[in-house]
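Shown next, in structure tokens, is the structure this report addresses.
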Amino acid sequence: MILSERFIGGELAYYRALGFRTKLSSSDARSLAVQEKGFSGECEYDRVFDEAGHGSVLVFRDIYLRIDGRTAQYDCLIVSDDGIIVNEIKNYSGLYRYEGGKWFIGQSEVSEDALSQLRRAIGGWSRCATM
């Protein structure tokens with residue numbers, strides 16, 4: 001059962017609105033493209049997950065939780081009788097490698113490391129569970 005729908009985040013809404021009002025700089029155009037691709041990947045994940053079915057679990061999409069004075073964003077939380085599953089969705093393409101605890105594309109380090117995001121998310125839950 002879907003308990004919250006996915007929505008367009010503030011950064012994507014900002015770049016879309018800015019793009020309607022003015023010609024975007026190359027940096028802003030890149031940021032818009034990254035945000036659009038990410039949102040597209042999240043929507044594709046939702047479509048596949050919906051087709052597979054989720055009748056026996058509770059699904060929270062694109063939620064923000066305040067834990068221990070900090071806000072954490074979760075792409076998808078799946079709650080079942082067995083526990084909570086955190087899904088961090090990325091829409092990357094190209095040849096990536098994982099080396100020395102970091103993700104790279106070519107010689108550049110990927111700035112948004114999904115594993116570090118998941119560690120922060122799990123850390124928030126573990127702090128919440130010990131309260």
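What the table shows:
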| item | result |
| --- | --- |
| Of all residues making up the stretch 68-86, the number that are surrounded by fewer than 16 Cβ atoms within 10 Å (Cβ to Cβ), among the β-branched types (Val, Ile, Thr) and closer than 24 Å to Glu11 by Cβ | 1 |
| Counted residues, the stretch 47-105 - those being more than 20 Å from Lys37 (Cα to Cα), of a type outside the set (A, V, I, L, M, F, W, C) and under 16 Å from the mean Cα position of the chain (by Cα) | 2 |
| Residues that are out of contact with any Leu (no Cβ under 7 Å at 6 or more places or on another chain) and modelled with pLDDT of 80 or more, drawn from the stretch 86-100 | Asn87, Leu95, Tyr96, Arg97, Tyr98, Glu99, Gly100 |
| Qualifying residue in the stretch 33-40 (condition: surrounded by 14 or more Cβ atoms within 10 Å (Cβ to Cβ), farther than 19 Å from Val110 by Cβ and touching a residue at least 12 places away in the same chain (Cβ under 8 Å)) | no |
| Residue match in the stretch 29-36 (condition: under 26 Å from Val79 (Cβ atoms) and at pLDDT 90 or above) | no |
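So that you can scan it fast, the table gives a plain yes or no per residue for (1) part of a helix (DSSP H, G or I); (2) aliphatic (A, V, I, L, M):
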{"site": "Asp46", "(1), (2)": "yes, no"}
{"site": "Thr71", "(1), (2)": "no, no"}
{"site": "Asp75", "(1), (2)": "no, no"}
{"site": "Ile84", "(1), (2)": "no, yes"}
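The values are calculated or read from the model by the stated rules, or taken from the named source; none is laboratory data. This is a predicted model, so every value here is computed, not measured. Quick reminder, even Gly has a Cβ in these numbers, built from the backbone with ideal geometry, and neighbours come from all protein chains shown.
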